[in-house]
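Report on one structure; see the data block that follows.
Values in this text are rule-based calculations from the coordinates and carry no lab data. Because the structure is predicted, anything quoted here is derived from the model rather than measured. In this analysis, Cβ positions are derived from the backbone assuming ideal geometry, glycine residues included, and neighbour counts consider all displayed protein chains.
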Amino acid sequence: MNHAAQQKTDGKGSKKMTVRYWFQRIAGRFSLRLVFSLPFMLQFLTVTCLIGFLLFQGGQEAVGAVIGEMREQILGHVHEQLKRRIEEPLRLNELNVNAWHSGLLTLSDPVGRERQFVNHLKVFFPDAAMTYVGLSNGEFYGARRKATGGFQVVRNNLETGGTSWYYSVSEQGDGVQLQDVFPAFDPRTRPWYQAAREARKPVFSGVYRHFVFHEPTITATYPVFNEDGQLVGVFGVDYLLAWLGNMLRDLSLGASGQVFVVDTDGMIVAASVLTEPFEIVDGKSERIKADDCKDPVLKAAVKSFLDDRGSSFRINLDNHFYSVSVDSYKKNGISWNIYVVLADEDFMGNIWIISSSSGAESYAAGNYASAPFPFRADVRTESAGE
């Protein structure tokens, strides 16, 4: 072997000695238990990360499916309630119109007229605040529910001089004692009357705050025409909407979810995060515009929908993700959008719990499996020392 080959061989040997030397130096600083456990610890961390990743990926898909199903169920429930409840004032008007056409309701007969109006409110339509008719000659008759309980009937004709007289009623529904007077009331000048006259069919008003019950309210109207097509009068029902807000607030939406209804003017009709869709501005009650709402999630959902995001989309607020679905409800002039907003974190929390549990189980299994190896290493060390 020449000198160059000898040097090359010595170099390789020195490198091997150097690696062995440093491995022994490093291993010497730690116990053999740790040295032998380290590969299993690394294996555990790798497996745990992989399990967590797979659970998270699968969890995201599962959560997406659950949220989608929940949104559909909630939308279906709200639609069903709206369809059933909004039909009530239309049905009450139809009952009165049919009774008028058949002669069962004679407006010139105060006893039969007042008993019919009162008993409809008392027995069949608990959310109707008032049922009435305004005639083309300016007369006005009906019955209303009192905020303190009980009922009143109203008379407005030549006898009252164009003033609305409100009477308390007997058990049968007959007007008994004059209680309230509203002068110079002409139903033909009211928006509900004019809207029905122009539509020439049953139609709803917009949402307003009822001056007696201070609740969101809509008015359902039904115009009546004679054989010549001339308007004879308009039947109407003031229908309270407090039930809608209560129903939305009772829905199970998770800790951060919400449901709300917005009309075509962008005004809130009802919302699960609001006690009422009104606010006091300069001493006056005004409806809340959705894109000016103080709730950031509601505001962002409406803005995203108005930006043509479609009927189903996601929004991100400070790294909090929400899934949004929007559907429409239309009926006799009503055109509302129903928003369902569900927060991912309300459902992903369970995924993290499962992931953590799986990791703990893997750790326990890893410790159990690796325990004999460090123990045997310790035994060898002790025997070698002997």
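Quick look at the numbers
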{"item": "Fully extended contour minus Cα-Cα distance, from residue 231 to residue 308, at 0.36 nm per residue", "result": "23.5 nm"}
{"item": "Gap separating the Cα centres of segment 274-346 and segment 100-142, nearest whole Å", "result": "38 Å"}
{"item": "Linear extension gain, residue 291 paired with residue 148, 0.36 nm per residue minus alpha-carbon span", "result": "47.9 nm"}
{"item": "Farthest toward positive dipole pole in segment 93-241 [+1 Lys/Arg, -1 Asp/Glu at C-beta], among 142, 167, 213", "result": "213"}
{"item": "Segment 93-241, Rg to Rh (Cα coordinates; Rh as Kirkwood inverse mean 1/r)", "result": "0.93"}
{"item": "Extension gain (nm, one decimal) between residue 178 and residue 91, 0.36 nm per residue minus Cα-Cα", "result": "28.3 nm"}
{"item": "Order of 130, 247, 70 under a 10 Å beta carbon neighbour criterion, fewest first", "result": "247, 70, 130"}
{"item": "Listed residue pairs exceeding 29 Å between alpha carbons, taken from 201/299; 83/284; 83/201", "result": "201/299; 83/284"}
{"item": "Order by protection proxy (mean Cβ within 10 Å, highest first), peptides 166-178, 215-227", "result": "215-227, 166-178"}
